[in-house]
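Read-outs: derived from the displayed coordinates by stated rules, not from any lab. Values in this document were obtained by computation on a predicted structure and should not be read as measured data. Quick reminder, even Gly has a Cβ in these numbers, built from the backbone with ideal geometry, and neighbours come from all protein chains shown.
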Amino acid sequence: MTQLRTGSVSDTGKVRKRNEDAHLVQLSQEIKKIAVADGMGGHQGGHVASRLALEVIGNYQMNSSSLKEDMGKAVYEANKKIKTRAGSDPELEGMGTTITFLGILDRKGVVAQVGDSRLYLFREGELRRITQDQSLVEEMVRQGKLTQEEAEIHPQRNVLLQALGVEEEIEVDFYELSLMDGDLFLLCTDGLTGLVTEDELAEFIKEQGDLQNRAQKLVDLANARGGHDNITVVLCSYDGE
């Protein structure tokens with residue numbers, strides 16, 4: 001039987017007045033769902049968009065024989081619901097959210113992503129970023145116009161190419177993984193990765209002990225460095241049958 005342990009923290013940070021991030025940890029069904037969302041736009045729209053996205057995903061009925069397809073349908077449905085809601089309330093006009101969604105079925109993992117919230121895999125002592133940001137600077141890195149180091153400090157590093165709720169059509173990026181005992185996943189919003197390097201993430205993640213404590217330490221580090229954005233961290237360890 002699949003065994004998952006999790007630790008999660010979502011914090012407003014030191015600057016923002018409202019936490020527009022949201023996260024989902026749903027482990028009671030055959031298909032395990034873990035997700036983070038970083039909302040934006042409107043008077044209170046980011047707060048609404050991120051939570052609506054996770055509500056749709058959490059309630060979406062998925063079939064074990066069509067996990068990837070159903071995850072995609074859930075994300076598309078979330079996009080539709082957010083856009084419809086924004087169109088019905090002037091105060092929510094322009095709202096949107098990122099989504100990074102991990103589905104686990106036995107030894108299979110599927111990631112569905114829109115935006116720049118990230119998923120990392122810590123395996124056998126090494127941290128690897130699985131997702132690629134759907135952002136302007138990441139596209140410039142792929143085109144060879146920027147180095148990864150330049151992208152991390154670029155003034156337009158927060159400009160997204162896509163978000164849920166903004167356009168009728170979205171392109172979901174998918175990543176598929178074969179899971180190994182001992183795998184540890186980190187899902188996080190850019191309030192963490194904008195202030196903590198990947199080398200530092202690896203150092204904190206590989207600590208022994210409680211996942212909740214490790215997640216809190218990462219949030220505390222981002223806040224100690226200014227906490228200029230909302231910060232959400234979800235850690236999930238995997239052990240198969």
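Here are a few things to note about the model shown:
- GluC sites (Glu not before Pro) within the range 129-168: DSSP coil, no more than 13 neighbouring Cβ in 10 Å: E167, E168
- Exposure proxy shown here: for M95, M180, the number of other Cβ atoms within 10 Å sets the order, fewest to most, as M180, M95.
- Taking trypsin sites (Lys or Arg not before Pro) across the range 107-160, the ones in a DSSP loop with at most 16 further Cβ atoms lying within 10 angstrom of their Cβ are R107, K145.
- In a fully extended conformation the segment linking R18 and A202 would gain 63.4 nm over its present Cα-Cα distance, using 0.36 nm per residue.
- Between E126 and S178, the simple spin-label model (points 7 angstrom out along Cα→Cβ) gives 1.6 nm.
- Along the axis of the charge dipole computed for the range 3-104 (Cβ charges of +1 for Lys and Arg, -1 for Asp and Glu, origin at the Cα centre), the listed residues S8, V36, Q26 are led at the positive end by S8.
- Segment N158-S65, extension gain: residue separation times 0.36 nm, minus the distance between their alpha carbons: 29.8 nm
- Burial ordering of L136, L54, fewest other beta-carbon atoms within 10 Å first: L136, L54
- Percent of beta bridges antiparallel (DSSP, the chain, rounded to nearest 5): 100
- For the range 45-83 versus the range 194-228, the gap between their alpha-carbon centres in whole angstrom: 28
- Residues of type aspartates and glutamates that K32 reaches as a straight line, Cα spacing below 14 Å, ignoring anything fewer than 8 places off in the same chain: D70, D106, D239
- Taking the chain and dividing mean pair separation by its residue count, relative contact order in percent (alpha carbons under 8 Å, at least six apart): 29
- The convex hull defined by the C-alpha atoms of the chain has an orientation-averaged projected area of 12.5 nm².
- With 31 Å as the limit, the listed pairs K14/K206; K83/K145; K17/K83; K33/K81 have K83/K145 beyond it between alpha carbons.
- Near the amide H of I130, within less than 5 Å, lie the amide hydrogens of L119, Y120, L121, all on another chain or at least 5 residues away, with H placed in the peptide plane.
- Here the calculated FRET efficiency for T84 and E171, from their Cβ-Cβ distance with R0 = 22 Å, stands at 0.65, rounded to the nearest 0.05.
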